[in-house]
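Report on the structure given below.
What follows draws every value from the coordinates through simple rules; no lab data is involved. Since the model is a prediction, treat every value here as computed from it, not as a measurement. Reconstructed Cβ throughout: ideal geometry from the backbone, glycine too, with neighbour counts over all protein chains shown.
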Amino acid sequence: MFKKILIANRGEIACRVIRTAKHMGIKTVAVYSDADARAPHVLMADEAVRLGPAPAAESYLKAELIIDACKATGAEAVHPGYGFLSERESFAKALAKEKIAFIGPPPKAIAAMGDKIESKKLAQAAGVNIVPGYLDDIAITDEAVKIAADIGYPVMMKASAGGGGKGMRLAWSEKDVREGFEATKREGLASFGDDRVFIEKFIEAPRHIEIQVLGDQHGHIVYLNERECSIQRRNQKVVEEAPSPFVTPAMRQAMGEQAVALAKAVGYYSAGTVELIVNGADPSGKSFYFLEMNTRLQVEHPVTEEVTGLDLVEQMIRVAAGEKLAFTQKDVKLDGWAIETRVYAEDPYRGFLPSTGRLIRYQPPQPTESVIARSEATRQSSAAKSGLLRSARNDGVRVRVDDGVIDGGEISMFYDPMIAKLITWAPTRDAAIDTQIAALDQFVIDGIADNVDFLSALMQHPRFRRGDLATDFIADEFSDGFHGAPADEQLLVDLALIAAKVAAISDERAHEISDQLGARTNGSRERIVRIAGAEQRVRIKPYKGGTLGVVDGGELVDIVGHWAPGQRLLRVSVDGRARIVQVRRVGRDWELQTRGRTHRVQVLSPHVAELSRFMIDKPAPDLSRLLLAPMPGLLTRLDVAVGDSVEPGQPIAVMEAMKMENILRAPKAATVKATPAKAGDSLAVDQIIVEFE
């Protein structure tokens, strides 16, 4: 077994690999860019080596620097994580040349499967179903338009070396091809160093299902069942689960056997994933097609770990060290249900615009026992020696958080926007979903925007709970944007009571500090609470251990739960109903966040509420004459000049943030008056790009 390994990655996946290595008694080496000098993965590792400046092209993507770090520290092997160099054949070969083990598949398998065009040809030759399309490199936009028309719209344009949702564009018309083809080429070049693009038919209402495979260097390979990854936005996975609510045992076997056959055809070993697109409208489950094979560990691997009891990182390390798999296909079981949500630095209330900056507060939900901990606890047991971890389980649930950030850390524009992965396990799918909702209520993030409300709304959506999934789920169900999860009448009444309670406690503190509010009142209080566009009259009376409340003259309600000013999480029982609410003071108002929505709440004394009706609202400034940067990022293109006329919706600029291109369009028909920004500028949010007449 290796004595020391280097992790050629950053963030949560670097932390994830380090945890397993430590449990195996292996020393670790972290690498970092200047942006990550104080990142958690650097602090967790036994040693750390600086690579270079923040841009990945000058640090994490430089193979020679990784090899130099191995030589300097004596690392015997490299785990690449995902992204960056994880699917570079040249990197695996360079390591082999220096007699450094690559914790991943052989270079020839990376080459065969890493090229999306060639891998489809190979799969076709092996008798695997593939999506109809044009499996050759397409050079120019006009050629792409002709090919797309021949295939028939809608089509998907894909970077040949793409993955992780990067370098992909859906086209419903010739206009979409002309707008998106060059952007697809640029994203492929920027993210993978390869601008080749191919086009294939887009299967409408598709389900994205993938098979996890695992093989050793002795010719043994198994499949570890499937994951459903159909909840996506802009081809980027948002929610994953194992098993799939759509897949039957017969489908699972058919898909798994094809995945193993394909892996064997290229001499594969280590962990890998065969991705399939499935026609969700075909109840027979026979209409599934090969998309690609990812020759690395997937972001969503934790859900497979939770339902199989296997630590995939440990298995990868053992395979790289030459060990045989200690189990066979018949040993692989399914236990319960696991769901993963990706917590991103983006604002769902503003069209999912990326958010960067400092994490002023980061407080994830408290995790329970993890696969890694169970692996350590059972390492000497007979089950562990067979390669499977059969830890005792009951009807309880588990919460797992895979992250690589801390309070005060920076979410940088240079890297992926993922903050953390929240994984829940339960005996049933419904219980795993409910555990997700409760855990998301406890996920505290301040300083940047996040998608926690949106994830909770997905978990609560009736269609999601039915398992009626497709890759266009988000586009269909949130076509007019995200405005928060619906709140029922009972929840709004409970929040009004909670708001009155925290406001009363805050008022008491103000009295204690400086007698700010005049005479102190320990008896009952009446307040007007404005929430969700409605106004409610709430009377509360504190008592030792709780608060009594009445809303609009209704029945007496008991509110039990402690809260102190500044406390973010409030766990409270309202008439026996358990509520977990995040509490923030915003100016004179309150923000109460729970169940997938952030509510802005006013709590006023009756006379102040009456007088407030006469206050004049300040009109919002007219921004229709300006094109503003919707997020921090790099302005890569500006396609207009002073004096140009533009039409509504016309693309006029392109911004790049967190490795994704965003097309900015004209808000109305106008003439360009000024262009304060130019291509190549790094812009702050709301910085003026174009001014119109």
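Using packing as a proxy for protection, rank 477-488, 615-626 so that the peptide with the highest average count of other Cβ atoms within 10 Å comes first. Walk me through the intermediate numbers first.
Working: 477-488: 13.7, 615-626: 8.5.
Ranking, from highest mean packing down: 477-488, 615-626.
When both region 231-253 and region 447-502 are represented by their alpha-carbon centers, they are found 21 Å apart.
Is it possible to state the helix-based mean residue ellipticity at 222 nm for the chain, with each DSSP H run of 4+ residues giving -39500 (n - 2.57), the sum divided by total residues, to the nearest 500 deg cm²/dmol? What is it? Walk me through the numbers on the way to the answer.
Details: 19 runs with 196 residues, N = 693.
Counting only the DSSP helices, I get -8500 deg cm²/dmol.
Projected label points at D476 and K99, each 7 Å from Cα along the beta carbon direction, are separated by 5.8 nanometres.
Work out the FRET efficiency for I140 and R568 from their Cβ-Cβ distance, taking R0 = 60 Å, and round it to the nearest 0.05. Write out the running numbers ahead of the final one.
On the way: r = 54 Å, r/R0 = 0.90.
About 0.65, to the nearest 0.05.
Is the shape of region 489-612 rounded, prolate or oblate, going by the alpha carbon gyration tensor and its root eigenvalues a ≥ b ≥ c, with a/c under 1.5 for rounded and a/b larger than b/c for prolate? Rounded, since a/c falls under 1.5. Simple spin-label estimate for Q253 and H218 gives 2.7 nm between the two label positions (7 Å along the Cα-to-Cβ direction from each Cα). Please give the Cα centre distance for region 676-693 versus region 1-53, rounded to the nearest Å. Taking the Cα centre of each part, region 676-693 and region 1-53 sit 38 Å apart.
Counting only other residues whose beta carbon sits under 14 Å from that of D137, what net charge do I get with K and R as +1, D and E as -1?
On the way: positive: K116, K120, K121, K158, K185, R196; negative: D115, E118, D136, E143, D194, D195, E200.
Result for the neighbourhood of D137: -1.
Selection among G447, A684, L634 by position relative to the dipole of the chain gives G447 as farthest towards the positive end (Cβ unit charges, Cα centre). Per-residue packing, averaged as other Cβ atoms within 10 Å, sorts the ranges 209-217, 566-574, 412-420 into the order 209-217, 412-420, 566-574, beginning with the highest.
Annotation for S287 and Q366: the two label points, set 7 Å from Cα along the Cα-Cβ direction, are 4.9 nm apart. Relative to a virtual label point 7 Å from the Cα of K673 in the Cα→beta-carbon direction, which members of region 624-650 show backbone nitrogen distances below 11 Å? Those under the cut-off are 624-627.
The simple Förster model, with R0 at 30 Å and r as the Cβ-Cβ distance, assigns D622 and S682 a FRET efficiency of 0.65. The order of the peptides 553-561, 221-229 by mean Cβ neighbours within 10 Å, most packed first, is 221-229, 553-561. Length gained on full extension, S612 to R665, computed as 0.36 nm times the residue gap minus the Cα-Cα distance: 15.2 nm. Simple point charges give the picture: +1 on the Cβ of Lys and Arg, -1 on the Cβ of Asp and Glu, and for the chain a dipole about the Cα centre of about 1560 debye. Give the shape of region 614-685 as rounded, prolate or oblate, defined through the alpha-carbon gyration tensor: a ≥ b ≥ c are the square roots of its eigenvalues, a/c under 1.5 means rounded, and otherwise the shape is prolate if a/b is larger than b/c and oblate if not. Cα axes put region 614-685 in the oblate bin.
Holding the Cα-Cα limit at 24 Å, pick out from K166/K421; K116/K330; K166/K201; K97/K121 the pairs that are longer than that.
In this structure, K116/K330; K97/K121 exceed 24 Å between Cα atoms.
Scalar couplings 3J(HN,Hα) for region 110-123, obtained by applying the Karplus form with A = 6.51, B = -1.76, C = 1.60 to θ = phi - 60°, are 4, 5, 5, 9, x, 8, 4, 5, 5, 5, 5, 5, 5, 4 Hz; x denotes Gly and Pro. Spatially, region 151-219 and region 78-98 are offset by 22 Å when compared through their Cα centroids.
Here the Karplus relation 6.51 cos²θ - 1.76 cosθ + 1.60, evaluated at θ = phi - 60°, turns the backbone of region 327-340 into coupling constants of 8, 10, 4, 5, 7, 7, 10, 10, 10, x, 9, 10, 10, 10 Hz, with x for every Gly and Pro.
What ranking of E340, E118, E87 emerges when the number of other C-beta atoms within 10 Å of each C-beta is taken as an exposure proxy, fewest first? Starting with the residue having the fewest Cβ neighbours, the order is E118, E87, E340.
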